[in-house]
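Structure record follows, encoded as structure tokens.
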Amino acid sequence: MASGESELAETEATESDYVVVGAGSAGCVIAARLSEDRGAGATSVLLLEAGPRETKADLSTPFAWPSLFGTDVDHGYASVPQPGLGGIAPRCPRGRTLGGSSAINAMVFLRGHRADYDAWAAAGCTGWGFDDLLPYFRRMESVPGGGRAGAELRGDSGPLRPSPAADADVNPLSRTFVAAAAAVGHPLTDDFNGARQEGAGLHDLTVADGIRQSAADAYLHPVAARRPHLTVSTDSRAHRLLFDGDRCTGVEFTRDGRTVRAYARAEVIVSAGAVDSPRLLLLSGIGPADELRRAGVAVRHDLPGVGRGLQDHPLCGLVYEADRPVPAGRVNLSEASLAWRSDASLPGPDMQVMFIHVPYHPPTMTAPENGFTLGVATVPRARGSVRLADADPGTPPLIDPGYLTDESDVRRMLHGLEVAREVAAAEPFAEWGAREVLPGPGVTDEAGLRAFLAAATGPYFHLAGSCAMGTGAAAVVTPDLRVRGVPGLRVADASVMPSIVSVNTNAAALAIGEKAADLIRDAA
Ligand SMILES: Cc1cc2nc3c(=O)[nH]c(=O)nc-3n(C[C@H](O)[C@H](O)[C@H](O)COP(=O)(O)OP(=O)(O)OC[C@H]3O[C@@H](n4cnc5c(N)ncnc54)[C@H](O)[C@@H]3O)c2cc1C
């Protein structure tokens, strides 16, 4: 616990106005916003975090993020074997410290395209279109003067300070990538989070003064010491929800080997992320009744959508060797993107290349160290699931993102490889003597490329959609994020996305947290 943050009393039960489960991207925003002094008396908030407080310097060092996999700040999950990836079971890192996945992520900060959110509104999630969310995207950030996009589109007084890599720090290969994309006809954007949300350009990073800004860095640490009514309890893993009749009244969690009950006078908000939010609901008997019975969990409320609908972008890297030394990364290893539409009739982009100025490939493959990667991703149609193996809260969940199980996803990824190869072959890369090594120039036929996709595709770490918001029978939460049929309980994090956004998901998760805070305060 950071100095000044108030300690949870050493009792077996505690009570506050709100209990928030999970101090990740959304949970930090919600706890910080709910505990703001709004002149009507202090609102008390207990924020529970399964992991420890930030334990290692690498959390702050932007280029060190891959070294955090499998450490004590990662839940260390793996997916179930993926049929679309030849049966391998890729790792599934999830942040496990203050800031959650925003504390271990790659720091790319993209809102996505307005069409991503307009699709949510069109699917019945009134109030979640892009124009509805724009005030929340603005409220989360400080971009001096609104930057190149202007103050109507960018905020200038929020807690997060996103910006592209500083001119002096940008890896020259990132600029080569942007120039190469332009050379083959892609439009340029000078701010993906501004008016032009597609094309090629340098993307924003959640890095300020050379240091990672997690959601905890931006929202929690600056205020926690000053707010005695905000209690942040680390090493506190919730393992079931508590009820009085139908109403959710609290959370039972373990800390230091003890079992503690945290009661909420107003509401419980589950923000444990796209794996652990559905998992906590399922462990509490809220989910598909047949599946719960099979796992040995007593059914409290049959809600078929819980854990269904999981999505992640598949990511497949084309790796190149350079004949000139590639300068070491100074920031986060990925400073530029390309977003485009696989079909011109689509309302927004469904394809992304994330440029990575180091070789990036699954552990099953090898490549020379002096190189770079064009990471191809698509918005998947495939939907997977989060399920329980049994009723024991300590048993790892069964996570199935369903990578490449939809033929249309495979076809779009093939298209993405073609586009990425065209960019890498453009004249600006010639000065690096770039030579494709994965899969290699000899692999050109469809069968070979399909085999490469199956072997080289892995997670983009953007799990979403496993407690989807909506109005139909498959929805877990309503558009005001209340769990359907369970008073006193909301879910607010990446799991509520009705469909995954077209880019990296942190900004969307933060916006969900910002809007959730207003929905909760408005209902109080
Ligand atoms: C390795 C990696 C790289 C990524 N790179 C990027 C990127 O560059 N850009 C981007 O936009 N997105 C990226 N993402 C995705 C992005 O970070 C996430 O989408 C976002 O942080 C999700 O926010 P969330 O609030 O839904 O969940 P999380 O931030 O994961 O928060 C959930 C929190 O709940 C806690 N928790 C879980 N279970 C319990 C429990 N039972 N009791 C108490 N606490 C619990 C967890 O420990 C965690 O702190 C990356 C993710 C990873 C893992």
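No value in this document is a laboratory result; all are computed from the given coordinates. This structure is a prediction, so every number in the text was calculated from the model and none was measured. With ideal geometry, Cβ positions are generated from the backbone for all residues, glycine too; neighbour counts draw on all protein chains shown.
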Check ALA464: other-chain or 5+ apart residues with amide H under 5 Å from its amide H, H built from backbone geometry? GLN311
Mind pulling the angle between the C-alpha long axis of helix 273-283 and the longest principal axis of the chain? Nearest 10 degrees, somewhere in 0 to 90. 40
Taking the mean number of other Cβ atoms within 10 Å as a proxy for protection, how do you rank 444-454, 44-54 from highest to lowest? 44-54, 444-454
Restricting to DSSP H runs of at least four residues, report the calculated mean residue ellipticity at 222 nm for the chain, -39500 (n - 2.57) per run over all residues, nearest 500 deg cm²/dmol. -6500 deg cm²/dmol
0 to 90° range, to nearest 10: angle between helix 407-424 axis and the chain longest Cα axis: 50
Env charge @ PRO347, Cβ radius under 13 Å, K,R +1 / D,E -1, value -3
Range of Cα positions in the stretch 233-310 per principal axis (Å), largest first: 33, 26, 22
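Taking the beta-carbon count within 10 Å as an exposure proxy, list THR378, THR405, THR43, THR206 from fewest neighbours to most.
Sorted ascending by nearby Cβ count, the order is THR405, THR43, THR378, THR206.
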Debye intensity ratio in log₁₀ form over the Cα atoms of the chain, taken at each q of 0.11, 0.12, 0.13 Å⁻¹: -0.90, -1.07, -1.26
Going from the fewest other Cβ atoms within 10 Å to the most, one would list GLU252, GLU418, GLU369, GLU198 as GLU369, GLU418, GLU252, GLU198
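Take the eigenvalues of the Cα gyration tensor for the stretch 211-260, scale each by 5, and report the square roots as semi-axes in whole Å, largest first.
Largest first, the stretch 211-260 gives 27, 14, 11 Å.
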Could you check what % of the DSSP bridge pairs in the chain are antiparallel, to the nearest 5? 70
Per the C-alpha gyration tensor (a ≥ b ≥ c, the square roots of its eigenvalues), the stretch 473-515 is rounded if a/c is under 1.5, else prolate if a/b beats b/c, else oblate; here it's oblate
Quick one: which of 139-150, 154-165 comes out on top by average Cβ neighbours within 10 Å, and what's the full order, highest first? 154-165, 139-150
Using amide H atoms built in the peptide plane, which far-off residues or other-chain residues are under 5 Å from THR249 H to H? LEU242, PHE243, ASP244
Check ARG308: other-chain or 5+ apart residues with amide H under 5 Å from its amide H, H built from backbone geometry? VAL386
Below 8 Å, C-alpha to C-alpha, sequence gap of six or more: please give me the relative contact order for the stretch 265-386 in percent. 27
Using only alpha carbon pairs under 8 Å that are at least six residues apart, calculate the relative contact order of the stretch 1-130 and give it in whole percent. 20
Descending packing, highest mean Cβ count within 10 Å first, for 179-187, 91-99, 483-491, 504-512 is 504-512, 91-99, 483-491, 179-187
I want the local charge near LEU48. Using Cβ-Cβ distances under 12 Å, sum +1 for each Lys or Arg and -1 for each Asp or Glu among the other residues. -1
Quote the FRET efficiency, to the nearest 0.05, computed for ARG265 versus ARG341 with a Förster distance R0 of 56 Å and r equal to the Cβ-Cβ distance. 0.70
Order these by the 10 Å Cβ neighbour count, fewest first: ILE88, ILE269, ILE286. ILE88, ILE286, ILE269
Neighbourhood net charge (12 Å Cβ-Cβ; Lys/Arg +1, Asp/Glu -1) for VAL207: -2
The chain, relative contact order in percent, only Cα pairs under 8 angstrom and at least six apart counted: 22
